[in-house]
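J.: Pasting a structure below so you can have a look.
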Amino acid sequence: MRAVVFAAPGRVEVDEVPSPAIEEPTDALVRVTRAAICGSDLHFLHGKTPTAPGAVLGHEAVGVVENAGAEVASTQTGERVVVSFAVACGVCWFCVHEQTNLCERAAVFGAGPFGGDLAGTQAEMVRVPWADVNLLGVPDAVDDDRAIFAGDVLTTGYHAATLAEARPGDVVAVLGAGPLGWSCAASLRALGVERVFLLDREPSRLALASAIGSVPVHVGERSAESALAEATDDRGADVVIDAVGSVEAYRSAMTVVRRGGRVVVAGVYAGESVELQLGVAWARSLDVRFTGVCPVHRHWREVMRLLEAGTLDPLPLVSDRVRLDDAPAGYDRFDRRLATKVLIEP
Ligand SMILES: [Zn+2]
Ligand SMILES: [Zn+2]
């Protein structure tokens, strides 16, 4: 089969690779009808996260079940499904307690040896372990282009939005209007939060913010602090979501939040560190929460329901569509920040 593979740092290729097979009775094979390129794929492209040359990349997919192992009960051949980017076993203590992101056998598709060594989804076919847990049926009313978002970024944004625990009337600031920030803001709106501010310095991203009823703030033109102070009689935001994952964004979140407010850290961190003034955080009575990898399985049914109802519509995020053979060009545009979301059609 054809698949997008890592070639060398800075280079991906489309190659012929062996087709996957059922290895465990709990596996399913999914024929991919839609895959996507995501921000975290760039870490592999640039060799920042190790993966072997020839490894199939990608972790987002919608498709049709081609074959299911003998112990797979909840899905069958021919069903349209979305794949969870994060794989969980469904039976360990963490899975049973809905913290599937902390699963003892956690893995991520196409994420190299530290991600569990699973072949990725940017391919004609993908093997999905524990298919009963990691596949969700897609209703007819939800097309592939929308359904794929339930398996990753939209559900991740929804998770952060639930951790925000915003009350009616609260002012919520979302730092970063990329696909994650947009998903946080759209989910907050879907959860009934009326005053959502979306902060970025990219005009095209801010235009998408207005379309979902959130207030765009261009942080190149004015400071986040003054924008939120103005909206809250100088108190600061009730809740701030860091949807960037940079030291600068984290510091900004801790500054923009009011006394007694909440910070939700949703952006991805690895080796960064910051000095936390414990006395200041204590005296300001701050509630700081880290999302970690999203426990997709906790929220994706609800997200799919919101997609089916049309309450959430992530299609405006899609900037590019490429055929599988043209995926390297999609990576290139994404890497040069010319694309917000690239869909791949095998
Ligand atoms: Zn992703
Ligand atoms: Zn588990």
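The values are calculated or read from the model by the stated rules, or taken from the named source; none is laboratory data. Every value quoted in this text rests on a predicted model; they were computed, and no experiment measured them. Using ideal geometry, Cβ is built from the backbone for each residue, glycine included, and neighbour counts are taken over all protein chains shown. Accessible surface areas use protein heavy atoms only, side chains included; no ligands, DNA or RNA. Shrake-Rupley method; radii C 1.70, N 1.55, O 1.52, S 1.80 Å.
J.: Please name whichever of 265, 285, 246 sits farthest to the positive end of the charge dipole of the range 244-291, dipole taken about the Cα centre and charges placed at Cβ: Lys and Arg +1, Asp and Glu -1.
T.: About the Cα centre, the residue reaching furthest to the positive side is 285.
J.: Using a 1.4 Å probe over the heavy atoms of the protein chains, calculate the carbon and sulfur portion of the accessible area of the range 234-346 as a whole percent.
T.: On the way: 2830 of 5810 Å².
Taking all protein chains in place, the range 234-346 shows 49 percent carbon and sulfur surface.
J.: Taking only protein heavy atoms and a 1.4 Å probe, what accessible area per residue, in Å², does the chain have with all protein chains in place?
T.: Numbers: 15130 Å² over 346 residues.
Ligands and nucleic acids excluded, the result is 44 Å² per residue.
J.: Pick out, from 62, 88, 135, the residue whose Cα sits farthest towards the positive end of the charge dipole of the range 53-146, with +1 on the Cβ of Lys and Arg and -1 on the Cβ of Asp and Glu.
T.: My answer, from the dipole projection, is 88.
J.: How much FRET efficiency would the formula 1/(1 + (r/R0)^6) give for residue 31 and residue 211, where r is the Cβ-Cβ distance and R0 is 35 Å, rounded to 0.05? Intermediate results must be reported in sequence, preceding the final value.
T.: Values: r = 34 Å, r/R0 = 0.96.
FRET efficiency, residue 31 to residue 211: 0.55.
J.: Might you report the magnitude of the Cβ-based charge dipole of the chain about its Cα centre, with Lys and Arg at +1 and Asp and Glu at -1, to the nearest 20 debye? Write out the running numbers ahead of the final one.
T.: Values: 31 positive and 46 negative charges, 170 e Å.
Using only the charged Cβ atoms, the result is roughly 820 debye.
J.: Please identify, among 99, 277, 76, the residue showing maximal mean-square fluctuation in a Gaussian network model of the chain using a 10 angstrom Cα cutoff.
T.: Sorting by GNM fluctuation, first place goes to 277.
J.: Calculate the spin-label point distance for residue 105 paired with residue 289, positioning each point 7 Å from the Cα along the beta-carbon direction, and give it in nanometres.
T.: My value for the distance between the label points is 2.9 nm.
J.: So, in nm, how far is label residue 233 from label residue 42 when the simple model puts each one 7 Å beyond its Cα toward the Cβ?
T.: Label-label distance for residue 233 and residue 42, simple model: 4.1 nm.
J.: Counting only DSSP beta bridges with both residues in the chain, what percent are antiparallel, rounded to the nearest 5?
T.: On the way: 31 of 58 bridges.
Bridges in the chain are about 55 percent antiparallel.
J.: Measure off, as a whole percent, the carbon and sulfur share of the 1.4 Å-probe accessible area of the range 5-92, all protein chains present.
T.: 52 percent
J.: Just tell me the longest site-free run in the chain, where the sites are trypsin sites (Lys or Arg not before Pro) in a DSSP loop having at most 11 other beta-carbon atoms within 10 Å. Walk me through the numbers on the way to the answer.
T.: On the way: sites that count: 48, 336, 337.
It works out to 49-335.
J.: Note down the Stokes-Einstein diffusion coefficient of the range 185-278 in µm²/s, whole number, using a Kirkwood radius over alpha carbon pairs, 10 °C, and 1.306 mPa s.
T.: Rounded to a whole number, D works out at 114 µm²/s.
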